[in-house]
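The values are calculated or read from the model by the stated rules, or taken from the named source; none is laboratory data. Quick caveat: nothing in here was measured; it's all calculated off a predicted structure. Note that we place each Cβ from the backbone using ideal geometry, even for glycine, and neighbour counts take in every protein chain shown. The protein model used for the area step is the full one, side chains on, heavy atoms only, and it has no ligands, DNA or RNA in it. Shrake-Rupley method; radii C 1.70, N 1.55, O 1.52, S 1.80 Å.
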Amino acid sequence: MEKKQWYMEYKIHKNRPGLLGDLASLLGMLEVNIITINGVEDRTRGLLLQTDDDEKIELLGKMLTKVENISIITLRPPRLTDILAIRHGTYIERDSSDGKTFRFTRSDLGLLVDFLGELFKKEGNQVIGLRGMPRVGKTESIIAGSVCANKRWAFVSSTLLRQTVRSQLSEEEMNANNVFIIDGIVSTIRSNEKHHMLLQDIMSMPSTKVIEHPDIFVRESEFDYDVFDCIIELRNTPDEEITYENFTTAGLDGDF
């Protein structure tokens with residue numbers, strides 16, 4: 001049987017000496033390999049495991065229910081968020097109401113860049129929305145994530161250095177393997193017909209598109225929220241409100 005990875009997370013009730021060693025010994029006797037281990041937030045520990053026998057994982061879960069010092073929280077095939085939780089020691093905050101909105105603050109930029117990098121490695125079509133106030137680090141995070149994924153990026157519209165509204169892209173830039181960066185405000189409010197045609201072509205490509213200000217993009221275009229595979233929110237502080245009240249057509253020359 002092919003080797004598979006599993007994510008296990010447990011809460012520690014009494015962190016006695018030798019607790020981790022006992023668990024490692026149990027895994028060793030079951031011939032379940034520990035790939036990665038790390039503390040995950042408050043008194044929990046995450047492990048990325050590997051085995052070629054699913055029954056061993058089922059048996060492990062049953063055995064650990066009898067251990068009083070710990071409680072199993074999660075035992076499942078790993079999700080991307082699980083892998084990043086182990087890597088960074090913290091969970092990505094996720095909106096429980098829609099399941100596809102992820103929240104970060106500037107203090108989490110390393111985690112955000114890693115998250116984007118893993119998303120960008122995926123092949124085929126995906127559309128990612130990125131909400132955030134001006135100068136919070138949206139575009140810089142996208143570029144850094146592209147570098148992590150070893151992907152080229154192409155600006156379709158942007159205000160990173162100056163307002164950019166592209167009417168055409170070179171043959172090299174139109175490669176479906178690239179990451180296309182779109183400013184939802186510039187592309188819908190300050191665009192022309194040629195840019196609109198280019199945008200339509202890019203949105204139909206089997207490629208990764210990252211749209212900053214997705215709410216304005218939806219409001220001012222024919223696309224709706226169903227086009228987005230996930231939406232990321234980036235704030236300076238956890239309680240910062242993302243508002244578009246000052247994002248007027250007269251104020252689009254600044255850095256958004």
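Points to keep in mind about this one:
- Toward the positive end of the charge dipole of the range 4-84, with +1 on the Cβ of Lys and Arg and -1 on the Cβ of Asp and Glu, the farthest Cα among M29, G18, L49 is that of G18.
- Pairs exceeding a 26 Å alpha-carbon distance, out of K3/K62; K11/K138; K122/K194: K11/K138; K122/K194.
- In order along the range 45-62, the Karplus-derived 3J(HN,Hα) couplings, from 6.51 cos²θ - 1.76 cosθ + 1.60 at θ = phi - 60°, round to 9, x, 10, 9, 10, 9, 7, 9, 9, 4, 5, 5, 5, 4, 5, 4, x, 5 Hz, and Gly and Pro are given as x.
- Ordering of 215-224, 108-117 by packing is 108-117, 215-224, highest average first (other Cβ atoms within 10 Å, averaged per residue).
- Relative packing of peptides 140-146, 62-68 - highest average C-beta neighbours within 10 Å first: 140-146, 62-68
- Against the chain, whose longest principal axis comes from its Cα atoms, helix 138-148 is set at around 60 degrees.
- Residues whose placed amide H lies under 5 Å from that of I70, excluding near-sequence neighbours: H13
- Note that the range 116-256 carries a Kirkwood radius of 15.1 Å, evaluated over its alpha carbons pair by pair.
- Dipole of the chain, positive direction: furthest Cα of F120, I242, L59, with charges on the beta-carbon: L59
- The simple Förster model, with R0 at 51 Å and r as the Cβ-Cβ distance, assigns T65 and M174 a FRET efficiency of 0.40.
- Ligands, DNA and RNA left out, the accessible area of the range 4-84 computed with a 1.4 Å probe is 51% carbon and sulfur.
- Taken per residue, the accessible surface of the range 117-256 reaches 48 Å², heavy atoms only and a 1.4 Å probe.
- Charge-dipole axis of the range 92-251 as Lys and Arg at +1 and Asp and Glu at -1 on Cβ define it, positive-most pick from G132, P214, Q163: Q163
- Full extension of the segment from A24 to R219, taken as 0.36 nm per residue of separation minus the current Cα-Cα distance, would add 64.9 nm.
- In degrees, nearest ten, helix 193-203 long axis to first principal axis of the chain (Cα): 20 degrees
- Percent breakdown of C-alpha pair distances by 10 Å bin, ordered from the shortest bin, for the chain: 6, 27, 27, 18, 13, 7, 1
- Convex hull volume per residue, computed on the Cα atoms of the range 4-84, equals 83 Å³.
- Dipole check for the range 4-84: with +1 at the C-beta of Lys and Arg, -1 at the C-beta of Asp and Glu, and the Cα centre as origin, the magnitude is about 300 Debye.
- Of all accessible heavy-atom area on the range 92-251, the percent that carbon and sulfur account for (1.4 Å): 46 percent
- Test item: Cα-centred dipole of the chain, Lys/Arg +1 and Asp/Glu -1 on Cβ, debye: 720 debye
- FRET efficiency, 1/(1 + (r/R0)^6) with R0 45 Å, evaluated for I34 and S167 via beta carbons: 0.25
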